[in-house]
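Notes for the one structure printed next.
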Amino acid sequence: MNSKLENVVTPKLTQPETKVDKNAKNFAASWYIAMHSNALGKQPKAIELFGQPLVAWRNQNGHPVIMERYCSHMGASLAIGKVVEGCIQCPFHHWRFDSSGECVAIPDVERIPPRARQATYVTAERYGYIWIWYGSQTPLFSLPEFPAAEDQKHNYMLLRFTNNTKTTARRVIENPYDHYHITALHQIKVSGPLKLTLLNDQYLIQQNDLPIQKDAWFGVSIEFPINKYIGKLGPLVQALGIDAKSFMMRVDGWPSGHIATGFVDGEERFKIMDCIIPVAENETISEVFVTVKKTGKFWLDIVYYLVFGLRSKSGATQDVPVFNTIKPDGGGAYVKYDLGVLKFREFYQSWVDKVEK
Ligand code: FES
Ligand SMILES: [Fe+2]
């Protein structure tokens, strides 16, 4: 699956008490973004994920390591320690822990106590993010493939942005399957009915057609007719003589994010990878990576960047006030157009159930 598995740091966890997910609730077993790559340099950094205080640092190969923040000796914060010879050294009594969380040196002590270890997560680094696997000691599937941000980068214009929200991971992740809020909340004018198709049920899947392995995949397509390009930029787009009749968005999801591919009149125009940083049960950071396909025509590229890149960014901020005030377990009177969300919730729950307790 993932050809970049050398980027994955697999710790040697040998003791069951090293599991670090005891307090977290309702997170699916999956890959999550822990932080941006450029936010982690030579110094260890305190981070919070899944409601737990953690520390991130880089070992001698530059690989990111994420482990319990508080030292198993007397609880000092390793985030104010330093990296020495590829290990993290606690500031208090200089115990050293390697990438697997094992204590490898205690000054003036020969026998290292078996409980001297830090619970450690599996990590990877791709697309400018440090990723963390949550839910089991070894990942149940590979990282999503997003070549538009990697080896096919030269064909796309790139834009990344972040939104902080005070709600659960699931509320944020289920958003793209809620196709009706596109016209209501996002006020996108469509000239006919919105159609949602659940691809898991009926799509004839080519395994290599998916950005994620099949059993971790949840796919839908959303289609609607349009008279012209939508939103404030419509007049500009029309003035340039660009016309469009239909829009289709294919969403390839997994338990903690998705890649949406936008097609105008059957032509791929953009891809968006949307993943989250799961800070705590009611605190989620949405990380969006938009890639707009280049056409080779300078002015047209500018228009498409505005229409699909910047419009996606401003659109995403419209969800934030709803997320910040929503009752996480509220609602229940569903109608036919909620099918996408309800089906996704079943899929999501199956991955919450896979979390090792
Ligand atoms: S508290 Fe970390 S070495 Fe003592
Ligand atoms: Fe939205």
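Every number here is computed from the coordinates shown, using simple stated rules; none is lab data. Treat the numbers as computed from the prediction; the structure is a model and nothing was measured. Backbone-built Cβ (ideal geometry, glycine too); neighbour counts: all protein chains shown.
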Inset, instruction - Grab the beta carbon distance between residue 158 and residue 314, set R0 = 22 Å, and tell me the FRET efficiency rounded to 0.05. - result: 0.80
Legend entry - Charge context of residue 325, other residues only, Cβ under 15 angstrom, K/R +1, D/E -1: 0
Inset, instruction - Would you mind giving the average projected area, over all directions, of the Cα convex hull of the chain in nm² with one decimal? - result: 18.9 nm²
Legend entry - Angle in degrees between helix 311-325 and the longest Cα principal axis of the chain, rounded to the nearest 10: 60 degrees
Legend entry - Per principal axis, descending, Cα span of segment 233-357 in whole Å: 55, 32, 27
Inset, instruction - Distance check, please: which entries in 25/336; 214/294; 189/336; 189/294; 25/343; 214/343 exceed 27 angstrom between their Cα atoms? - result: 25/336; 214/294
Legend entry - Dipole of segment 235-357, positive end: most advanced residue of 331, 275, 291 [Cβ charges, Cα centre]: 291
Legend entry - More than 24 angstrom apart: percent of Cα pairs within segment 147-352: 41 percent
Inset, instruction - Place +1 on the Cβ of every Lys and Arg and -1 on the Cβ of every Asp and Glu in the chain, take the dipole about the Cα centre, and give the residue among 88, 146, 244 whose Cα lies farthest towards its positive end. - result: 244
Legend entry - Percent RCO, i.e. relative contact order, over segment 147-352, from Cα pairs under 8 Å lying at least 6 residues apart: 29 percent
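Nearest 20 debye, what's the magnitude of the dipole of segment 259-357 about its Cα centre given +1 on Lys and Arg Cβ and -1 on Asp and Glu Cβ?
Working: 13 positive and 14 negative charges, 67 e Å.
In debye, rounded to 20, segment 259-357 gives about 320.
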Legend entry - Nearest 10 degrees, 0 to 90: helix 339-352 Cα axis against the chain principal axis: 10 degrees
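Taking N as the number of residues in segment 85-214, what is its alpha-carbon radius of gyration divided by 2.2 N^0.38 Å? Don't skip to the answer; put the middle values down first.
Numbers: Rg = 22.8 Å, N = 130, 2.2 N^0.38 = 14.0 Å.
In units of the globular-protein estimate, segment 85-214 measures up at 1.63.
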Inset, instruction - Can you tell me how much longer the chain between residue 80 and residue 336 gets when fully stretched, taken as 0.36 nm per residue apart minus their C-alpha distance, in nm with one decimal? - result: 86.9 nm
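With a cut-off of 8 Å between alpha carbons and a minimum separation of six or more residues, what is the relative contact order of the chain in percent? Before the final figure, lay out the partial values.
Working: 715 pairs, mean separation 70.0, N = 357.
The normalised contact order for the chain reaches 20 percent.
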Inset, instruction - From zero up to wherever the largest Cα-Cα distance of segment 302-357 sits, split into 5 Å bins and tell me the percent of pairs in each. - result: 4, 13, 12, 16, 19, 16, 11, 6, 2, 0
Inset, instruction - Report the label-to-label distance for residue 245 and residue 353 in nanometres (one decimal), using points 7 Å from each Cα along the Cα→Cβ vector. - result: 4.5 nm
Legend entry - Approximate shape of segment 27-163 as ellipsoid semi-axes (Cα gyration tensor, √5λ), whole Å, largest first: 31, 15, 13
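Regarding segment 87-153, what is the average projected area of its C-alpha convex hull, in nm²?
Values: hull surface 25.6 nm².
Its average projected convex-hull area is 6.4 nm².
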Legend entry - For residue 36, net neighbour charge (Lys/Arg +1, Asp/Glu -1) across residues whose Cβ lies under 13 Å away: +1
Legend entry - Distance between modelled label sites at residue 150 and residue 297, nm, 7 Å Cα→Cβ extension: 3.2 nm
Inset, instruction - Give, rounded to the nearest 20 debye, the magnitude of the charge dipole that the chain has about its Cα centre when Lys and Arg contribute +1 at Cβ and Asp and Glu contribute -1 at Cβ. - result: 640 debye
